[in-house]
1. Taking only DSSP H segments of four or more residues, each worth -39500 (n - 2.57), what value at 222 nm results for the chain once the sum is divided by all its residues, to the nearest 500 deg cm²/dmol?
2. If r is the Cβ-Cβ distance from GLU41 to LYS207 and R0 is 41 Å, what FRET efficiency results, to the nearest 0.05?
3. Based on the mean of other beta carbon atoms within 10 Å per residue, what is the order of 633-643, 69-79, most packed first?
4. Using the Kirkwood radius built from alpha carbon pairs, what does the Stokes-Einstein equation give as D for region 278-436 at 10 °C and 1.306 mPa s, in µm² per second?
5. What full-extension length gain, to one decimal in nm, is calculated for THR557 and GLN187 as 0.36 nm per residue of separation minus the Cα-Cα distance?
6. Past the 27 Å Cα-Cα mark, which pairs from LYS145/LYS255; LYS529/LYS564; LYS429/LYS524?
7. On the first, second and third principal axes, largest extent first, how far apart are the outermost C-alpha atoms of region 369-488 in Å?
8. Which whole-percent values make up P(r) of region 598-673 when all C-alpha to C-alpha distances are grouped in 10 Å steps starting at zero?
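Taken together, the values in this text are just the output of simple stated rules run on the coordinates, not laboratory data. A quick note: this is a predicted structure, and the numbers were derived from the prediction, not measured. Cβ atoms come from the backbone with ideal geometry, glycine included; neighbour counts cover every protein chain shown.
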Amino acid sequence: MKKSTVILLSIFTLFVTTNILIAQNTNDSLQSSDLYEMSIEDLLNISVSVSTVKELKTREVPNIITVITQEDIKNIGANDLMDVLKLVPGVSFGLDVESSIGISMRGLWGHEGKVLILVDGQEMNEGLFACFNYSQHIPVELIKKIEIIRGPGSSIYGGYAELGVINIITKDGNDYTGLQMGTTYGQMANNFGHANAYFNYGMKNDKTKFRLSGFYGEGNRSDKEKLEVYGKDYYFNKTDFLAKQLFINTGFEHKNLKARFVIDDYKNNSYMIFNNDVKYNGSYNSNYLTLAGEVKYDFKINDKLKITPKINFKHQNPWKADYYINDSSYYDFNVNYQKALANIMCNYDMNENINILGGVEYYLDYSKYLTKGDEYIFYNGKDNISFNNISQFAQLLMKTRIVNITLGERIDKHNMYGTSFAPRIGLTKVVDKFHAKALFSKAFRAPSVYNIDYNQDIVPENTYVAELELGYQFNKKMMFKANLFEITIDDPIIYTAVFENYEYTEQYINSNKTGSRGIEVEYKYIDNKINLSLGYSYSTTQDKNEVIEYRVPVNGTVLLGAPKHKFIANFGIKISKNINANTTYVFNDKRYGYNGINSNGNSILKEFDQMHDVSLYLAYDNLFNKNINIGIGVRNLFDDQSLYLQPYDGGLTGYPMMSREYFVKLSYSITKK
């Protein structure tokens, strides 16, 4: 039987079973206590702060937002952050240099400084190119919830939040007091997939809270032994796809004082095949080290006014690598990046209907080559360089009888590229079970250190976004929402790379406009036995893209590496009080990418097949006693052989995704009431 037929039969069976069970539950024929902890009411009443700093309910926030809870993460048996984010409409992943896996949102490549990722308020994007590598990165077992904005966040966060914000909030002393430990192991056909171990410790009393967590993991991002690129075979050894991560997170609170420190030491082995000609094999590492921390204090002047000064510091050593390209050509990249930031914010509740937020922020970027040599200098002729930026931001939240209004703005003034302005207006309204949002904003992507170093005339790209969301809660178990979006990017910052005669030339330029428009849909049904989530997204670049490096010559409605259609189905059922089964299915439409060159030296465009990713997970809680949980699962059930594609014409061939992986998860908790 063909794989496509098996997939269709599996999906059909899933939905028939779902409909039967929903019908049974609607008639109250299934009698049991509530086994899913999070209901539709709970989801709609989750408070989030990523959009406005001040906490609001998800239906009220002036952004298009998806919240993923720790229960969601546990139920699907997620092994890393990508397992979670692939369940979000409009999100896909692509390949960049050094085998790094970056994110796209709404059909637009967001890898370099266009999607901000935060862990407990700490900025995780590296500062040299503003990237973040998503593959086998960030321990999901430590996460409490993830707030995902699909759309601009520059009016609050500045120049790395142009297309979206991923705000990861980990468990702390408020969530439990005690010790939790766990491990995961997964096996693919030719190599292991994941081998992780973690712990999480929390304690609190009336005035003080403390949390310490740690994670160490190794994993192979693929177990491919051979990759064919237009008739030529490339062979890999068992370390070519290896990634390692050490992650430590500690938080401390005493009364109004809060402190946080994060260590993220991530390494991945890299291979790249350029233009069907040269392979950097897996004998070298790309290293990414981040040390990030903050201290802040809430001065509560009175019941209405709070003033919060904050100091952040970030030290990074990203993209560190050294290897021989051939016998005579050696590559060594070793640059320190540091960012010191001071922020003061005032939060004033004028009354129950009006909130005013405002503040100023200053940061200093500093970068220095640790590798010595005449070629290791910045454009200023030195081995170090620094930039500074000062920002002013303000926000008004106002509830009226007709509509709730959000007015926000941020002005950044950078000593190199000048002033950027990010205003926004949000109109939201909740009427009983119905909600609506109309959102208009301007965002920007700030040039990073190497954008400026490669091109001193570079300027920020500016993005204009209009969004409309409508949602309806049918009953206590079922809700639906859909949004339309229109995105236009002026002066996009474009990365180009040419690899020729063993010389690798990089460049950044401001190109012509690009953008996308489309629709995203989410549906949820939750009761005491069933948890069903459906998602769909569609994006098109018809008449929006003028960037040559992004375009698909044979299809003007999509950009390189990005699917036009995405469908998501996640179905969980409680078999008994302690046993939970979950099935996920993710479909991505066909994609286009360059995969080699022809005899004339021109890149060859290829259409890649649709992606079908099916996963199963079975969890048994309270095994032997209430402290032990175990789960078994399989990821990529039908062993889809898709590739991550480079979303621009940079001469880089596709990167294999993980093949079928069987895995087991085990956790042990000692908690106190």
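1. Theoretical 222 nm ellipticity from helices: -2000 deg cm²/dmol.
2. Once rounded, the FRET efficiency stands at 0.80.
3. Highest to lowest by the protection proxy: 69-79, 633-643.
4. In µm²/s, the coefficient is 80.
5. 129.3 nm
6. Flagged as over cut-off: LYS529/LYS564.
7. If we take the Cα atoms of region 369-488, the spans are 68, 29, 24 Å.
8. Histogramming region 598-673 at 10 Å steps yields 15, 28, 21, 17, 12, 6, 2, 0 percent.
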